[in-house]
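Shown next, in structure tokens, is the structure this report addresses.
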Amino acid sequence: MKARLFDLSLVLLICLIWASNYFVIKAVLPYVDPITFAFLRAVLGGAFVLALGGHVVKGIRRVDVLWLTLLGLFNIALFLVFLNFSLVTVNAGVDSTLVYTQPVIVAVLAPLVGERFTRKRVVGITAAFAGIVVIFLPSILSSTLVVGDLYALLASLSWAIAIILFKRWRTTIDAKSVTAIQSLIGGAFILPVLAYGHPFINPVPLFWVLLGYNVVLASGLAYVLFWRVLSRMPAAQFSSYFFLVPVFAVTMATVLQLSAPPLTEIAGTALVALGIIAVNR
């Protein structure tokens, strides 16, 4: 029970870091193009964890390099590029809703890693996703279809595939090793794409502060904890907690604006909570 509560506290910490990072990414993109930012976040985040890990590259086999390459492609390169492009073009509420279809996709793919697709899990995932839709309903209704919607869905799909790949791998490699190496490989995948874009950086002090948040917390600490907990928890159960990220983001925005939460936010949050409880019972 203590170990389970400890893992739950780590997942909640990850959710808080990524919820706040949603605002950080929106704030940093006026100072850097999406591809360059994805590259810097991947490479510097990987280098940061590698520096802290010290001996992390020891004991890695050739087959492990293949799995790490796949994680670098799906979890870093594709996910970060699609996420950043979606945040440039999509309505904020729609983006959160589409990116966090990830737990739904993971639940559908979970039988590939031997997890049962139970009725209770289906009901829980459906209720939690419905809660996200309710929270952002006014934003969704006022938006129009844009290409960024596709980017958000592709980011969600890429992230979900990475989770399933990790569970198929069943590695015993330390989480710091996984985080550092997949990030550096992901950066290598992004690097050639820079040649086809329009890279720019406005290196004002705020840019470096926001980049530092991504490197140290969002890409460093959060991903080390992410892989560590995922190695001990079923994929669908683990992913269900990430419905909390957009909930936390909306709650933070409400608190910062010193306003009362609307009824849709309260009702949606209740649905998300009930859905997560149903999945994890």
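The values are calculated or read from the model by the stated rules, or taken from the named source; none is laboratory data. Keep in mind it's a predicted model, so treat the numbers as computed, not measured. FYI the Cβ positions are ideal-geometry reconstructions off the backbone, even for glycines, and counts take in every protein chain you see.
A few remarks follow.
- Residue list for region 201-226, filter: among the aromatic types (Phe, Trp, Tyr), surrounded by fewer than 22 Cβ atoms within 10 Å (Cβ to Cβ) and in contact (Cβ under 8 Å) with a residue 60 or more places away in the chain: 207, 213
- Evaluated against (1) assigned to a helix (DSSP H, G or I); (2) buried (at least 17 other Cβ atoms within 10 Å of the Cβ), residue 233 falls short on exactly one condition, (1).
- Hey, residue 74 at pLDDT 95 or above, buried (at least 17 other Cβ atoms within 10 Å of the Cβ) and aromatic (Phe, Trp, Tyr) or not: yes
- Hits in region 1-43 (condition: touching a residue at least 12 places away in the same chain (Cβ under 8 Å) and hydroxyl-bearing (Ser, Thr, Tyr)): 20, 22, 31, 36
- Scanning region 172-200 for residues that are under 19 Å from residue 227 (Cβ atoms), outside any helix (DSSP H, G or I) and either without any contact (Cβ under 8 Å) to a residue 40 or more places away in the chain or among the aliphatic types (A, V, I, L, M) (or both) gives 172, 173.
- Search result, residues across region 1-45 that are among the aromatic types (Phe, Trp, Tyr) and over 30 Å from residue 200 (Cβ atoms): 6
- Screening 188, 278 for residues that are among the small types (Gly, Ala, Ser) and in contact with a helix residue (DSSP H, G or I) (Cβ under 7 Å, 6 or more places away or on another chain) leaves exactly one candidate, 278.
- In the set (1) closer than 16 Å to residue 223 by Cα; (2) assigned to a helix (DSSP H, G or I), the condition left unmet by residue 152 is number (1).
- Elements of type helices (runs of 4 or more DSSP H) contained in region 1-108, each with 2 or more residues being among the charged types (D, E, K, R): 2-28, 62-71
- Any hit, region 44-59, residues being within 22 Å of residue 249 (Cβ to Cβ), in contact with a helix residue (DSSP H, G or I) (Cβ under 9 Å, 6 or more places away or on another chain) and touching a residue at least 12 places away in the same chain (Cβ under 8 Å): yes
- Verdict on residue 150 being over 22 Å from residue 69 (Cα atoms), under 17 Å from the mean Cα position of the chain (by Cα), surrounded by fewer than 19 Cβ atoms within 10 Å (Cβ to Cβ) and among the aliphatic types (A, V, I, L, M): yes
- If only residues of region 27-66 that are surrounded by fewer than 21 Cβ atoms within 10 Å (Cβ to Cβ) and aromatic (Phe, Trp, Tyr) are counted, the one that is farthest from residue 175 (Cα to Cα) is 31.
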